[in-house]
Every structure is written in C-alpha cells, then in structure tokens.
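J.: Have a look at this one.
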C-alpha cells in the first residue's frame, strides 16, 4: 500500500535476516558500522569469521624487537650455566689467593648464595673446584685457569651438549628410533659440534685475563703493556 503523497513506503524486514536492514545515518560510516556489528554478533548467526578487517583493527602488529616468543630461545643455556660460569670466573680472579667465600662472591655478583651452594657441588664432583673448611675456608680452583676448558665447566653444570636429544655428546645416550632414516639429523650434529668446538677452544683464562686477577694482597695484578685480553689455547 502506498503511503501519503510525497512520502516513501517504509522498508520491510527481510525474513531470515539476523537483524532488520537499516540505512546508517551517515552513509560514509556504513563500513565501520557493519564491521562493528559483525564483530559483536555471534559467529553462528552471521556465518563468517569474527576477526575484524585489517583496516579496522586496533591491535597493530608488534615490531620484531619487542615480539614475544613462547620458548626460552634456540639452544638456550639455563641459569645453572650462567651463574656457574660467573662463579668460576670469580674463583679464577682469586686464583692463588686462597679459598674464597661464597657469601662474598654472591654479594659481588648479586646472586643467591643458596643457589651457588648447589652449583658448586657439581663443580666439585667434576674436580674443578675444591673446598676448605674452617674460619677462613671456602672454595678455590683445583688447577690454573689456563688448564680449565670451558666445555668442561659447561658440561659439569648443564650436562652433555645436546641441542637435540638424538645428538647429545654423551657416549652412553640412547639411540633415537629415527636415526636410521632421519634426514635432518646431520643439521643437529653440526650445531652440536659447533657449540662444543667453541666451548672446548676456550679456557677460563680467556674470561679472566692475568691483568684482571688479584694478588695475595688483594690488589689487581699489574701487567706492563697489557691493554687487552688475548685468547689462550687449551693445553692438551
């Protein structure tokens, strides 16, 4: 039925539509209004994804530098390796001055003393440090820093070098059931060998050069003409 003269007939709702079709007051805002309605309405009613269009999202992509990863990182060492190496570096700095107190090292490195006590057990079992009891007791290296290979230190703290369980450098490890037909095993072997080679080519003396060590009087060693640390090769 026609309406009054000069007036338009009222639009009828479309049967089966989720909501009555309406014209927005501002035609230019039709795309934004539609996106808001589609995002807020249940997916089952409209039958499309509820994800906002790319031009209407407020959550922009994060830059690469601030992206969050859901892992500790590729081939990541734990705090056992980090804190243990710092402990060994402090003992190397005090090498030749007598036993060092874990309390003093914990204060200087800002590390929990109780954690260092746990780490030093593995280092002692690996014959890297030795303990002395008494009022002036503590811990010290069993040999000179030049004779302590960093690969030996890391293995005592973290265990075998194993970027993947099938390529650990532990000779007693279990063989993977896929080792006979795995096509990617050689990549992990090269990663393991690269890490082991880097650690086994460094000694504790590379981290603590002679000029950074203390004398029995507690003063730094003065080395004439030494302006930087030079890597040393591990002794056979």
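J.: Scan (1) assigned to a loop (DSSP other than H, G, I, E, B); (2) buried (at least 18 other Cβ atoms within 10 Å of the Cβ) for the single condition residue 84 breaks and write down its number.
T.: Against the list (1) assigned to a loop (DSSP other than H, G, I, E, B); (2) buried (at least 18 other Cβ atoms within 10 Å of the Cβ), residue 84 comes up short only on (1).
J.: Same structure, new question: Taking into account only those residues within the range 88-127 that are within 22 Å of residue 151 (Cα to Cα) and part of a loop (DSSP other than H, G, I, E, B), which is nearest to the chain's Cα centre (by Cα)?
T.: 126
J.: Would a scan of the range 146-153 turn up a residue that is touching a residue at least 24 places away in the same chain (Cβ under 8 Å), under 22 Å from residue 93 (Cβ atoms), part of a loop (DSSP other than H, G, I, E, B) and touching a helix residue (DSSP H, G or I) at 6+ places or on another chain (Cβ under 8 Å)?
T.: Scanning the range 146-153, I find at least one residue that is touching a residue at least 24 places away in the same chain (Cβ under 8 Å), under 22 Å from residue 93 (Cβ atoms), part of a loop (DSSP other than H, G, I, E, B) and touching a helix residue (DSSP H, G or I) at 6+ places or on another chain (Cβ under 8 Å), so the answer is yes.
J.: Can you confirm whether the range 174-190 contains a residue that is touching a helix residue (DSSP H, G or I) at 6+ places or on another chain (Cβ under 9 Å), on the phi < 0 side of the Ramachandran plot and in contact (Cβ under 8 Å) with a residue 60 or more places away in the chain?
T.: no
J.: Still on this model: Consider only pairs whose beta carbons are under 6 Å apart and that are at least six residues apart or on different chains; among these, list those whose first residue lies in the range 91-119 and is surrounded by 14 or more Cβ atoms within 10 Å (Cβ to Cβ) and whose second residue is assigned to a loop (DSSP other than H, G, I, E, B).
T.: Filtered contacts from the range 91-119: 92/208; 93/208; 93/213; 97/216; 99/137; 100/94.
J.: Next up: Residue 209 versus (1) modelled with pLDDT under 75; (2) under 32 Å from the mean Cα position of the chain (by Cα); (3) surrounded by 12 or more Cβ atoms within 10 Å (Cβ to Cβ): which is the lone unmet condition?
T.: Condition (1) is where residue 209 drops out.
J.: Hey, can you tell me all the residues within the range 162-182 that are modelled with pLDDT of 80 or more, surrounded by fewer than 13 Cβ atoms within 10 Å (Cβ to Cβ) and within 26 Å of residue 81 (Cβ to Cβ)?
T.: If the condition is that a residue be modelled with pLDDT of 80 or more, surrounded by fewer than 13 Cβ atoms within 10 Å (Cβ to Cβ) and within 26 Å of residue 81 (Cβ to Cβ), then 165, 170 are the ones that fit.
The values are calculated or read from the model by the stated rules, or taken from the named source; none is laboratory data. Keep in mind it's a predicted model, so treat the numbers as computed, not measured. FYI the Cβ positions are ideal-geometry reconstructions off the backbone, even for glycines, and counts take in every protein chain you see.
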